[in-house]
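The values are calculated or read from the model by the stated rules, or taken from the named source; none is laboratory data. For clarity, every value in this text was computed on a predicted model and none was experimentally measured. For neighbour counting, all protein chains shown are included, and Cβ atoms are generated from backbone atoms with ideal geometry for every residue, glycine included.
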Amino acid sequence: SVQEQEQQLTDGFHLVIDALKLNGIDTIFGLPGIPITDLTRLAQAEGMRVISFRHEQNAGHAAAAAGFLTQKPGICLTVSAPGFLNGLTALANATTNCFPMILISGSSEREIVDLQQGDYEEMDQLNAAKPFCKAAFRVLHAQDIGIGIARAIRAALSGRPGGVYLDLPAKLFSQTMEAEAGRRSLIKVQDPAPRQLPAPDTVARALDLLKGAKRPLILLGKGAAYAQADAQIRELVERSGIPYLPMSMAKGLLPDTHVQSAAAARSYVLAEADVVMLVGARLNWLLSHGKGKTWGAVPKQFIQIDISPTEIDSNVPIAAPLIGDIGSCVAALLDGIGAGWQKPPAEWTSAIAQRKDKNLSKMAQTLEAIVAPMNFHSALGVVRKVVQERPDAVIVNEGANTLDYARSIVDMYEPRKRLDVGTWGVMGIGMGFAVAAAVTTGKPVIAIEGDSAFGFSGMEVETICRYELPVCIVIFNNNGVYKGTDVNASGGSDPAPTVFVKNARYDLMMTAFGGHGVTATTPDELGRALREAVASGRPTLINAVIDETAGTESGRITNLNPQRAATKK
Ligand code: ADP
């Protein structure tokens, strides 16, 4: 009968879902539309979590963050051309940050696209994606879906993780094949991120350098956080006695209150260290490319642990490259740090401690000082306390000043609890990252957002309310980009380009969708609202009113703004 025949058949829709599930992927972040609407419905029917967004870029950022947090590629599913392009920004950002994700986009028919005959949402997506990701694949036949997804997973996770594009033309979904053959065509990827052991001579070289150091420093990056080698990394730091600095997303790998943290003496240790060991951190702009004033006059020798051999010598010579996965490299170093190990000279560690104490007590004063209107310090002083009470909460952070101040003021206590603008310093990750953090961890999420940064993904407050996620958004509202006091130099009636509507009530955006909205003008009000939100798990937006004169142009990276060379035309 027709019915029996149908039971023995499978199709492209089912094969995509089955292949993902077979590989332990249980969540899709996306936005339905032609030709993938039914795929989202079927995925949900088959027990996957489908989180549907309002804009693909945010779904893509969510997939990237999920990849970073779980070591499984986050999946972003979009429609063709414009939806694909919206997701592509997130795919490029994920690749830049070494986060594993797969952007799966439906596409128009190859025959029409290649002849440029003007199909609905026509675009050569595969080629458009290639420069922006680690790998790109297209599947044309149902029997290749299993291989396509296996290749995408392996490309995303193995070696240096990154973004992968998978192109699925509309016609593929309705192709049928015999169900049993379909099952056999699927691949469960074995060992998608195989361990890579460092060569013993490279370990010995690194240890020699460390042993000879008078002022050693360990620099932990988000690669170290991603690697989930938390216990070993902590043991390496503690057994070696070497002071360490966390890059922003490595904060919490060891608690920021750890005695060996040199974060509060950052400029001092970067300038004065003689041997610096990078663990999953690149010497890019965030570290002044390893040279210049930041790194001081003391000659440096670098040890660099990285899975990607081509990262070595990218900016300055690396004396001791250690190529392998962080878990294996750290384990190998630990083997060499045995009974006879000499901790760093007390001169070095006590000089750091002195500077730290001075800077920390100076900061403590600024956190208490101003009550109303709040500034960044007084508002973040409150956030800092709440995070201390709830170290399990995930912090998402974007903005200019809001980012810079929060990064240094809000201590983190557990690994992978801080998600931020990353390698590009990109705005717009906020709500996507917040949704992913809530969905993948089930923990409370606090999104610390500049008012400008929030604007890039603000519509996702509806998504947060729809899925009833335990996300509390705190908007640092100072009426504009950087600050709210710029004036139009022409004397015209348009506001200055950096200024927003004054005293905007962002909290009402949340109540529009059934969430909880609060305006806070004092640290007390902010603290009460934030504690309540974290305790209740209810979607909340706190409009934290900040002095509009607070804030500096571009925060701490003002120097990246080109200077005007001439005053007149
Ligand atoms: P940060 O911005 O925190 O300094 P980066 O993103 O610049 O960190 O650096 C992360 C580095 O970690 C990348 O060079 C990447 O190749 C590396 N990496 C990622 N995962 C691993 C891993 N499992 N083992 C070793 N290195 C890794």
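Quick notes on this one:
- Residue list for segment 359-403, filter: of a type in the set (D, E, K, R) and modelled with pLDDT under 95: Lys362, Glu368
- Boolean, Asp547 is surrounded by 15 or more Cβ atoms within 10 Å (Cβ to Cβ) and at pLDDT below 95: yes
- Segment 236-250, subset within 11 Å of the ligand (Cβ to nearest atom) and part of a strand (DSSP E or B), residue surrounded by the fewest Cβ atoms within 10 Å (Cβ to Cβ): Leu245
- Considered as a group, the residues in segment 297-317 that are more than 12 Å from the ligand (Cβ to nearest atom) and in a loop (DSSP other than H, G, I, E, B) include one that is nearest to Arg234 (Cα to Cα), and that residue is Lys300.
- When segment 214-235 is filtered for residues that are surrounded by fewer than 22 Cβ atoms within 10 Å (Cβ to Cβ) and either among the aliphatic types (A, V, I, L, M) or more than 16 Å from the ligand (Cβ to nearest atom) (or both), the ones remaining, listed by number, are Lys214, Arg215, Ala231, Arg234, Glu235.
- In segment 251-289, the residues that are touching a Phe, Trp or Tyr at 6+ places or on another chain (Cβ under 7 Å) and in a helix (DSSP H, G or I): Leu270, Ala271, Ser288
- Inter-residue pairs, beta-carbon under 9 Å, first more than 18 Å from Asp208 (Cβ to Cβ) and in segment 298-326, second more than 14 Å from the ligand (Cβ to nearest atom) and in a loop (DSSP other than H, G, I, E, B), 6+ apart: Val298/Arg215; Val298/Ala273; Val298/Asp274; Asn315/Lys291; Val316/Lys291; Val316/Lys300
- Within segment 155-174, residues that are among the β-branched types (Val, Ile, Thr) sit with their Cβ atoms under 7 Å from residues that are part of a helix (DSSP H, G or I), at 6+ positions apart or across chains, in these pairs: Val164/Ala152; Val164/Ala155; Val164/Ala156.
- Test: residue in segment 546-560 that is among the aliphatic types (A, V, I, L, M), over 26 Å from Val371 (Cβ atoms) and more than 28 Å from the chain's Cα centre (by Cα): no
- Members of segment 152-168 found to be of a type outside the set (Val, Ile, Thr) and either touching a helix residue (DSSP H, G or I) at 6+ places or on another chain (Cβ under 6 Å) or assigned to a helix (DSSP H, G or I) (or both), listed by number: Ala152, Arg154, Ala155, Ala156, Leu157, Gly162, Gly163, Tyr165, Leu166, Asp167
- In this entry, Val189 is excluded by the filter for residues that are of a type outside the set (Lys, Arg) and within 16 Å of the ligand (Cβ to nearest atom).
- Leu209 vs. criteria within 14 Å of the ligand (Cβ to nearest atom) and under 17 Å from Ile303 (Cβ atoms): no
- Filter pass, Asn488 being surrounded by fewer than 13 Cβ atoms within 10 Å (Cβ to Cβ) and either free of Cβ contacts under 8 Å to residues at least 40 places away in the same chain or in contact with a Ser or Thr (Cβ under 7 Å, 6 or more places away or on another chain) (or both): yes
- The numbered conditions (1) in contact with a Leu (Cβ under 8 Å, 6 or more places away or on another chain); (2) free of Cβ contacts under 8 Å to residues at least 12 places away in the same chain are all true for Ile112 except (1).
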